[in-house]
Every structure is written in C-alpha cells, then in structure tokens.
1. Kindly establish whether residue 99 is modelled with pLDDT of 95 or more, at negative phi and surrounded by fewer than 16 Cβ atoms within 10 Å (Cβ to Cβ).
2. Scan segment 207-219 residue by residue and report those that are surrounded by 18 or more Cβ atoms within 10 Å (Cβ to Cβ) and either part of a loop (DSSP other than H, G, I, E, B) or within 20 Å of the chain's Cα centre (by Cα) (or both).
3. Mind listing whichever residues of segment 35-80 are part of a strand (DSSP E or B), modelled with pLDDT under 95 and within 23 Å of the chain's Cα centre (by Cα)?
4. Might you check whether a residue that is closer than 24 Å to residue 151 by Cβ and without any contact (Cβ under 8 Å) to a residue 12 or more places away in the chain occurs anywhere in segment 73-89?
5. Test residue 193 against the stated conditions and say whether it is assigned to a helix (DSSP H, G or I) and either crowded, with 20+ Cβ neighbours inside 10 Å or in contact with a helix residue (DSSP H, G or I) (Cβ under 9 Å, 6 or more places away or on another chain) (or both).
6. Tell me, which residue of segment 220-250 that is at pLDDT below 95 and out of contact with any helix residue (DSSP H, G or I) (no Cβ under 9 Å at 6 or more places or on another chain) is surrounded by the fewest Cβ atoms within 10 Å (Cβ to Cβ)?
7. Out of everything in segment 103-128 that is in a helix (DSSP H, G or I) and crowded, with 22+ Cβ neighbours inside 10 Å, what residue ends up being nearest to the chain's Cα centre (by Cα)?
C-alpha cells in the first residue's frame, strides 16, 4: 500500500522557496456589473480593490430587485463572507462560490461583501485576519466618503446590521476578525453577529471524531495537519490561539465582540466534536449561540449539495 500524501490529495506541491504550485484551476465567473446579464439574474455583483499592495479585493453583491416597503427602499443587512479553501487555495471568483453568494444575497436578502484574502503559505496567519479587518474598515469608510461612497453600501445597506460569515477556514477568519473588532472604531457600523459554518479549528490533542474519521475521504487528518503547518506562523503548532479557540476561555469581554453566534456543523465532519465543544465553551462564557448540527453530511457538503446550501441560507436568513 502506498503512503498517503496530503500534498497529492490537495493537488499542490511545495516549492523550494516555500510557495505552492496549485495544479487545479476551477471555472470562474465574472461579476455582473451594474445591470443584470439576463432577466433571470437574482443578484448583481461588482468587484472592488481592497488593497492593491496586498493584491486583495472584494466582490460585492446585492439582490437584482431591492425590496421596498411603502415605496421606500428597505435597508439590507451587510454580510461579510470569507470563503473556504484550507487557507491555501480557492477564490471568490470560482463559479461555485460566486453562485452561492448570488443566492445568499438574493435569498436573505442582503448586501454580501465577499473578501478575496491572501493565501498561505505565501502569506501566513495573521495576514488573512488583517485582510478581513481591512474589508470591515473599507465598508465603514464608505459612510465617511458620503456621496462618493460605494453606491450599493450608501443606498441599500443597513450599517447597524453587519454580520461576519465564514465557512471552514473562512469561519476561523470570521471568528478571529470578530475578536479584533474592539481594537478599531467601527462607527457607524455595528457588527450584530457572527456566523460560523463548519469552523476549522485544531489543537495538538485529537478529538474522538477526528480519530474516528482520520481517513475521511474529503478531510483526512493528515490533510488538516498539513494545512495548519502551511498556515500557522513558523515555529508554532496547532495549540497556537489562531488554531485553538479554547485559549480564549475565561475571556468573556473579548468573546462578547462576537455578538450573537450561529454555528453550523455536520456529524460526518471530523471537526464536529471540536465544533460542539466550541459551542459549549461560548455558552459557558455567556455568549448567545444558535447551533445547527445535522446528523448527516461532511465537511464542505454545501459546496456540492445545493439542498444543504439552501438550508444553510435559510438558517442565515432566520438568524439575521
């Protein structure tokens, strides 16, 4: 039997300079711009540069038809979205992720700010958390710019209802970014809550679900370990606070910046025990948590199962 190679599983190889060669290029979709490309388009999207020096950018979505109430435009919540990809791959331009964000914007409905953060190992943590905060600050600054601010934020967004939403490593980014919010002046933004879909956490101590599902088809333990090795700062391990959220136990004031929490998980995810322990920790710290765990499903199921993706959007709609 050949030895399992996590690099091969991920379709990447490590170069001598510490960078990765990524062999899989998935189909991408362009932003729609200001007008629908066809009558069935449910959402519009527009690309915005976040930081040209870091090569970060955002794709902002709004429903194609903005709801109204007595002929007045209804202000929509802002959802900051951080995609999955194990720190090392994927893009918000990929068709499957782009389509998910279109549906999210239309179904909630909401203004969705999808953040194209930097990849590891070329940019290790906390670069991704910095990019998330850059996105929040960018949206905050649109109010200060006044009439020159981005029109969809200016005209349609409710800045008092902002949510940080991430999937897998993106959920880790949403969590860590939320903990940083007290360090910046958010006004007039108000972050009302945090949405963590199958959050990617770890530690040196294995959980029962990790051991039981160590050879999981989609997210085996050697792959998880390699992703942390490529993402964490050099010389650290999985008990670093970027990976292990339980280092924040007893820090209720810091955790309060999460606001209300929605946490989503699946029983077939090797990370499920860690996620459920995380829910218990937040509850013990006095955080208001809504937990939605399904008895079936695996890590990343919503990327390939449209019914699960729709169910998650329904959870988010109810939550916001």
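1. Yes; evaluated as a whole, the condition is true for this residue.
2. Selection gives 207, 213, 216, 219.
3. None; the set is empty.
4. There is at least one residue in segment 73-89 that is closer than 24 Å to residue 151 by Cβ and without any contact (Cβ under 8 Å) to a residue 12 or more places away in the chain.
5. no
6. Top of the filtered list is 250.
7. Within segment 103-128, the match that is nearest to the chain's Cα centre (by Cα) is 128.
Quick grid of which residues meet (1) under 10 Å from residue 170 (Cβ atoms); (2) in contact with a helix residue (DSSP H, G or I) (Cβ under 6 Å, 6 or more places away or on another chain):
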| position | (1), (2) |
| --- | --- |
| 85 | yes, no |
| 94 | no, no |
| 99 | no, no |
| 105 | no, no |
| 109 | no, no |
| 118 | no, yes |
| 122 | no, no |
| 127 | no, no |
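The values are calculated or read from the model by the stated rules, or taken from the named source; none is laboratory data. Computed from a prediction, not measured in an experiment: that's the story for all the values here. Ideal geometry is used to build each Cβ from the backbone, glycine not excepted, and the neighbour counts take in all protein chains shown.
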